[in-house]
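Reviewing the structure listed below.
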Amino acid sequence: MRIAITAASVRCASGRELVPPTRCWASVDDDALALGIPGVARATVEGDPRFPDDRKGSLAAAALAEIASVPAGARVGLYLGTGLSSLTPAELAIDLYPHIVDGAFDRLAMARDLATDRPSPRRHQPERVTQVLGAALGAVVTETSFSACAAAAQSILQAARAVHRGDVDVAFAGGHDSMLHAIGYLSFVVLGALSPTRGRPFDQQRDGFLIGEGAAMLRLQREADLSSDDRVLGWIVGGGTSVDAYNVTHPHPEGYGAALAMRRALRDADLQPGDIDYVNAHGTGTPVGDQAECLAVHRVLGDVPVSSFKGAVGHTIAAAGAVELALCLGIFPSGVLPGTPGLVTLDPELRAHVLKDPVRAEARHILSNSFGFGGQNCALIVKAP
Amino acid sequence: MSRILGIGIVTPLGDDVEAVLSAVREGRSGLSAQPALDGLPDSRAGVVSGPDLAGWLTRKKDGRLLARAARLALPAAGRALRALPPGVAEDTAIYVAVGREPPDDPEAEPSLLAMEVDGVLNRERLGGRGRELYPPLLPLRTLPNMVLAHVSIRHGLRGENGTFAGAATAGVQAIRAACLAVDEGRAPFALAGAAFSGVDLASARDRLRVGLTAPPGEAAVFILVGPGEPLRWDPRDWIAAMGDCGPVAGLWGLL
């Protein structure tokens, strides 16, 4: 497989530039503070009228609008990874709290309240953003991945295979998510997943992740279809997925599933472990997750340089695979492998070759990992243009 | 091309393929009045009896982690996988379609109520009583990919995978992805299916608000595909018998 990335866009806390972040972009949020979370990584985006009360829809629309040119006559596909937005405070105020009687929800009154101007029906249609944006593009294929934090990466892989197979001529692929609201924070807090201090992947003091939000899109085309005007930002040359089949909350302690995904990606790309020059880790900053990933990377790829962006732009959940791959595209022209923002003291127990600071080196092949709760794993390999 | 090697279903009309097929041909309805939907214009829904999870849970306490769709999926997937040869689970692919996001569990209500002051969420209550009462397992039950997670854990499936969201088309996308995994040589076998439950007040109300007036339903259908003859299917409209089962509807034709 050799699929050209001819355009890319990103919306995340570090902005819209396709370059690896170098500092933490967390800011204070009062709802998060109430739950003991000192900062969140918020993107800047204007609300899109097609997606009222749906911030993740607006993020997707903004990212897609930047790159949405389509060659005449091309069959287009839209492949989006999306996430669970959970109940929002706005829905509570508009739709549930008006029906409290004697300290309980009046379910009969709720059943009779069928007003259509409510946010909840939109929330309960995860494919809606894909459908609305796909219709605007004239897409002949739309597909919505719901694979938790691996969703966007899996969408990109599905899209690349669809272009390679000839299902579509141009694919727009990526992901979008936002859980930056009170109930979103609460959902992660009760799981013990958010850092009560700050995001610091691979650090010996790491204690959870910094939550972020964002969207990113790639335009994918076959090499044979490129015109002289097309600028190739990178080539998707392979990908692999796996399931841990181990535990719904914890990754396999030795990263068995993660290693499987990376091996499958190497096989798909017809590459050897030594061909990979840099690994953009899932690297959330959770104690167990980082350790399992480092074991897997070391086992499959040896001493390859590894770093994570999540201490800077946060964990953008379902969008993470697309956001981080888009940011990785800036590595190729820079000649610099990025460091790990937030990392102060590398955990000596981690076996992988983690980069704390940027180093000058060329990257020919980059492997990007995305792993989700529930054990869904995806590894993508991108080659320099 | 792929061929169907195994099938498992859990429906309001039972879990035996031949019996369900006959029931639909005879025009028998699986719909019944549901007290949970009282107050709606139509309180009927297609509800599965049970399901009996004996034999499908690795540990009995795992039942607490299962949302309704996952409860339907486990037996359906397990029956389809009876045709899986031994020793190939590691590379067997799994593609699953799920419906709209799972409903907000009634278990969260004490927390949500505790956070309310004057009709809005109160920040101090959020960090206090609301946090204390919020069910810690709720996010794990309602994550959309948990159907796939539970099936893969129960059966040791570690192959390529995906969870698709959407209405009836998502089930077909899952089947297509599974067949392509086999046809293109990335997996020796692939499990594909869909699981959905829309029989709760929040979901039923949301459906009516977006103009979906067919009674809600719940079901799971899984197939195991492997190398062989072309996959052929002819979907039919079973909604009158089963209720609208979202992504599962795209799979009725397989029966």
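The values are calculated or read from the model by the stated rules, or taken from the named source; none is laboratory data. All figures in this text were calculated on a predicted structure; none of them were measured in a lab. Positions of Cβ are generated from backbone atoms using ideal geometry, with glycine treated the same way; all protein chains shown enter the neighbour counts.
Residues that are surrounded by fewer than 20 Cβ atoms within 10 Å (Cβ to Cβ), aliphatic (A, V, I, L, M), in contact (Cβ under 8 Å) with a residue 12 or more places away in the chain and part of a loop (DSSP other than H, G, I, E, B) within the stretch A:64-99 comprise A:ILE67, A:ALA68, A:VAL70, A:ALA74, listed in sequence order.
Residues in the stretch A:78-98 that are in contact with a strand residue (DSSP E or B) (Cβ under 7 Å, 6 or more places away or on another chain) and over 15 Å from A:ALA60 (Cα atoms): A:PRO89, A:LEU92, A:ALA93, A:LEU96, A:TYR97. Figure legend. Inter-residue proximity from the stretch B:25-48: first residues within 14 Å of another protein chain (Cβ to nearest Cβ) and at positive phi, second residues surrounded by 14 or more Cβ atoms within 10 Å (Cβ to Cβ) and polar (S, T, N, Q), beta-carbon distance below 7 Å, spacing 6+ or different chains. No pairs are indicated. For the stretch A:235-274, the candidate set comprises residues that are more than 12 Å from chain B (Cβ to nearest Cβ) and charged (D, E, K, R); within that set, the residue that is surrounded by the most Cβ atoms within 10 Å (Cβ to Cβ) is A:GLU254. Note on the stretch B:1-22: residues that are in a helix (DSSP H, G or I) and buried (at least 16 other Cβ atoms within 10 Å of the Cβ) amount to 2.
Select, from B:THR169, B:THR163, the only residue that is in contact (Cβ under 8 Å) with a residue 12 or more places away in the chain, more than 7 Å from every other protein chain (Cβ to nearest Cβ), closer than 16 Å to B:VAL221 by Cα and of a type in the set (Ser, Thr, Tyr).
B:THR169
Inspect the stretch A:242-256 for any residue being in contact with a strand residue (DSSP E or B) (Cβ under 9 Å, 6 or more places away or on another chain), modelled with pLDDT of 95 or more, within 23 Å of A:ILE366 (Cα to Cα) and assigned to a strand (DSSP E or B) and give the result as yes or no. Yes; the residues of the stretch A:242-256 include at least one that is in contact with a strand residue (DSSP E or B) (Cβ under 9 Å, 6 or more places away or on another chain), modelled with pLDDT of 95 or more, within 23 Å of A:ILE366 (Cα to Cα) and assigned to a strand (DSSP E or B). Each residue in the stretch A:48-63 was checked for being part of a loop (DSSP other than H, G, I, E, B) and either hydroxyl-bearing (Ser, Thr, Tyr) or in contact with an Asp or Glu (Cβ under 9 Å, 6 or more places away or on another chain) (or both), and 3 pass. You will find that of A:ALA292, A:ALA245, A:ALA261, A:ALA265, the residue that is among the hydrophobic types (A, V, I, L, M, F, W, C), in the same structural domain as A:THR197 (by TED's automatic domain parsing) and in contact with a Cys (Cβ under 8 Å, 6 or more places away or on another chain) is A:ALA261 and no other. In the stretch B:173-195, the residue that is surrounded by the fewest Cβ atoms within 10 Å (Cβ to Cβ) out of those that are within 11 Å of chain A (Cβ to nearest Cβ) and either assigned to a loop (DSSP other than H, G, I, E, B) or among the β-branched types (Val, Ile, Thr) (or both) is B:GLY185. Of the residues making up the stretch A:6-47, those that are part of a strand (DSSP E or B) and either more than 28 Å from A:ALA160 (Cα to Cα) or within 16 Å of the chain's Cα centre (by Cα) (or both) number 9. Looking across A:GLY283, A:GLY339, one residue alone is surrounded by 24 or more Cβ atoms within 10 Å (Cβ to Cβ) and assigned to a loop (DSSP other than H, G, I, E, B). It is A:GLY283.
Among the hydrophobic types (A, V, I, L, M, F, W, C) and under 27 Å from B:GLY198 (Cα atoms), is that true of B:LEU66? Criteria met by B:LEU66.
Only one entry in B:ARG68, B:ARG25 is surrounded by 13 or more Cβ atoms within 10 Å (Cβ to Cβ) and assigned by TED's automatic domain parsing to the domain that holds B:PRO216, namely B:ARG68. Scanning the stretch B:55-106 for residues that are closer than 18 Å to B:PHE189 by Cβ, under 17 Å from the mean Cα position of the chain (by Cα) and not basic (Lys, Arg) yields B:ALA73, B:ALA76, B:ALA77, B:GLY78, B:ALA80, B:LEU81, B:ILE94, B:TYR95, B:VAL96. Given B:TRP233, B:TRP238, which one is crowded, with 20+ Cβ neighbours inside 10 Å, at pLDDT below 95 and among the aromatic types (Phe, Trp, Tyr)? Of the residues listed, the single one that is crowded, with 20+ Cβ neighbours inside 10 Å, at pLDDT below 95 and among the aromatic types (Phe, Trp, Tyr) is B:TRP238. Just the residues that are within 8 Å of another protein chain (Cβ to nearest Cβ), under 30 Å from A:LEU35 (Cα atoms) and either assigned to a helix (DSSP H, G or I) or modelled with pLDDT of 95 or more (or both), please, taken from the stretch B:135-149. Answer for the stretch B:135-149, where residues must be within 8 Å of another protein chain (Cβ to nearest Cβ), under 30 Å from A:LEU35 (Cα atoms) and either assigned to a helix (DSSP H, G or I) or modelled with pLDDT of 95 or more (or both): B:LEU138, B:PRO139, B:LEU140, B:THR142, B:MET146, B:ALA149. If you go through the stretch B:91-107 and keep only what is modelled with pLDDT of 80 or more and either at the interface with chain A (Cβ under 8 Å from one of its Cβ atoms) or outside any helix (DSSP H, G or I) (or both), you end up with B:THR92, B:ALA93, B:ILE94, B:TYR95, B:VAL96, B:ALA97, B:VAL98, B:GLY99.
Counting residues in the stretch B:115-135 that are touching a residue at least 24 places away in the same chain (Cβ under 8 Å), closer than 22 Å to B:VAL199 by Cβ and in contact with a helix residue (DSSP H, G or I) (Cβ under 6 Å, 6 or more places away or on another chain) gives one or more. In the stretch A:137-178, what count of residues is obtained for those that are aliphatic (A, V, I, L, M) and within 10 Å of chain B (Cβ to nearest Cβ)? Counting residues in the stretch A:137-178 that are aliphatic (A, V, I, L, M) and within 10 Å of chain B (Cβ to nearest Cβ) gives 6.
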